[in-house]
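**Student:** Pasting a structure here, questions to come.
The values are calculated or read from the model by the stated rules, or taken from the named source; none is laboratory data. All of these numbers come straight from a predicted model, not from anything done at the bench. A quick note on method: Cβ atoms are made from the backbone with ideal geometry, for glycine too, and the neighbour counts reach across all protein chains shown. Ligands, DNA and RNA are excluded from the accessible area calculation, which covers all protein heavy atoms including side chains. Shrake-Rupley method; radii C 1.70, N 1.55, O 1.52, S 1.80 Å.
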Amino acid sequence: MHDKKEFEQTVSVCLATYNGEKYIAAQLKSILDQLPDTAEVIISDDGSKDRTIEIVRSFNDPRVSIKKNTGKSGPIGNFENALSFAKGDIIFLSDQDDVWMPNKLADHMKGHQEHDLVISDAVVVDETGNILFDSFFIQRKSRAGLFNNLLKNSYIGCCMSFKRRILLISLPFPASIHMHDWWIGLIAERFGTVMFLNSKTLRYLRHDNNASQTLVKKLPVKDQIKNRINLLYNLFMLKN
């Protein structure tokens, strides 16, 4: 068990699950071990048919609540459902199959003293724990900037946290966006301040069943262009 530091700002962790029995225990433990008692973990489940929810309930932790996703299925709808219940000042996104490093919460909260969105680096691993890439940032050539991230997205949700004002601008998600985390990152670029935190705070798992194909597979060029046009259109239709 790691020391749990109390923070002035409250924390919500929004975790989307779907048939994650193989991974969820390790991930949830890595999160809960560093959260203060005032934090919440909102798990939105997209109709798992395995033991995912049973494993979550076995933690018997009052910080954890389970919300069935009754809206649009898939990662975007599942995360939107979780985010709709978040009450915290700072919101973290979490996938079911990664593992938080012990420094994640503290490093992000420090970054939020001055910034609206914090994204930290990650070690990319495979299912056996072998390191595929020592730095997601280096492999992705991650950097800040609205148009930089329209061209090549760096905003993966599992590495992100953001202030409530960014959440309120981001919701509801436009129906045409490709991924929720990309959308939230661009919202922060346009309406807030962003910090790319070089410390590694996550073991980012890549496997055949990932909901996101980041670093694994590229979409056809026509789909890439369509996604960017949709993001740009929706972004500039917004008013803060």
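**Student:** Relative contact order of region 83-184, please, whole-number percent, based on alpha carbon pairs below 8 angstrom and at least 6 residues apart.
**Tutor:** Over region 83-184, the number comes to 34 percent.
**Student:** Report the relative contact order of the chain, percent, no decimals, based on alpha-carbon pairs under 8 angstrom and at least 6 residues apart.
**Tutor:** Reported as a whole number, the value is 21 percent.
**Student:** I would also like to ask the following. To the nearest 0.05, how large is the calculated FRET efficiency for Asp37 and Arg228 if R₀ is 45 Å and r is the Cβ-Cβ distance?
**Tutor:** With a Förster radius of 45 Å, E is 0.60.
**Student:** Explain nothing, just compute: Karplus ³J(HN,Hα) = 6.51 cos²θ - 1.76 cosθ + 1.60, θ = phi - 60°, for every residue of region 124-129 in order, whole Hz, x for Gly and Pro.
**Tutor:** Each residue's phi maps through the Karplus curve to give 8, 10, 9, 5, 8, x Hz.
**Student:** Follow-up. Largest first, how would Tyr18, Tyr204 line up by accessible area (1.4 Å probe)?
**Tutor:** These residues rank, largest area first, as Tyr18, Tyr204.
**Student:** Now a separate question. At a probe size of 1.4 Å, how large is the accessible area of Val221, to the nearest 10 Å²?
**Tutor:** Its heavy atoms expose roughly 100 Å² to the probe.
**Student:** Using a 1.4 Å probe, what is the accessible area per residue for the chain, in Å²?
**Tutor:** Result: 49 Å² per residue.
**Student:** Follow-up. If the only charges are +1 at each Lys and Arg Cβ and -1 at each Asp and Glu Cβ, what is the size of the charge dipole of region 115-240 around the Cα centre, to the nearest 20 debye?
**Tutor:** For this selection, approximately 420 debye.
**Student:** Between their Cα atoms, which of Lys200/Lys239; Lys4/Lys104; Lys68/Lys239; Lys49/Lys87; Lys68/Lys222; Lys22/Lys68 are more than 23 Å away from each other?
**Tutor:** Lys200/Lys239; Lys68/Lys239; Lys49/Lys87; Lys68/Lys222
**Student:** Taking all protein chains in place and a 1.4 Å probe, what share, in percent, of the accessible surface of the chain do carbon and sulfur account for?
**Tutor:** Carbon plus sulfur share of accessible area: 53 percent.
**Student:** Once you charge only the Cβ atoms, +1 for Lys and Arg and -1 for Asp and Glu, what is the size of the charge dipole of the chain about its Cα centre, to the nearest 20 debye?
**Tutor:** 820 debye
**Student:** From Cα pairs below 8 angstrom and at least 6 apart in sequence, can you work out the relative contact order of region 152-196, rounded to a whole percent?
**Tutor:** 45 percent
**Student:** Ranked by accessible surface with a 1.4 Å probe, highest first, in what order do Met160, Met237, Met179 come?
**Tutor:** If we order Met160, Met237, Met179 from most to least accessible, we get Met237, Met179, Met160.
**Student:** Now, a different point. Using label points projected 7 Å from each Cα along Cα→Cβ, tell me how many nm separate Ser135 and Asn198, to one decimal.
**Tutor:** Result: 0.7 nm between the two label points.
**Student:** For region 75-158, what is the charge dipole size about the Cα centre, in debye to the nearest 20, if Lys and Arg each add +1 at the Cβ and Asp and Glu each add -1 at the Cβ?
**Tutor:** 320 debye
**Student:** Using heavy-atom solvent-accessible surface (probe 1.4 Å) with all chains present, what is the largest-first order of Tyr155, Tyr23?
**Tutor:** So the residues, ranked largest to smallest area, are Tyr23, Tyr155.
**Student:** Now a separate question. Gap in Å between the Cα centre of region 100-116 and the Cα centre of region 20-36?
**Tutor:** For region 20-36 versus region 100-116, the Cα centre distance is 18 Å.
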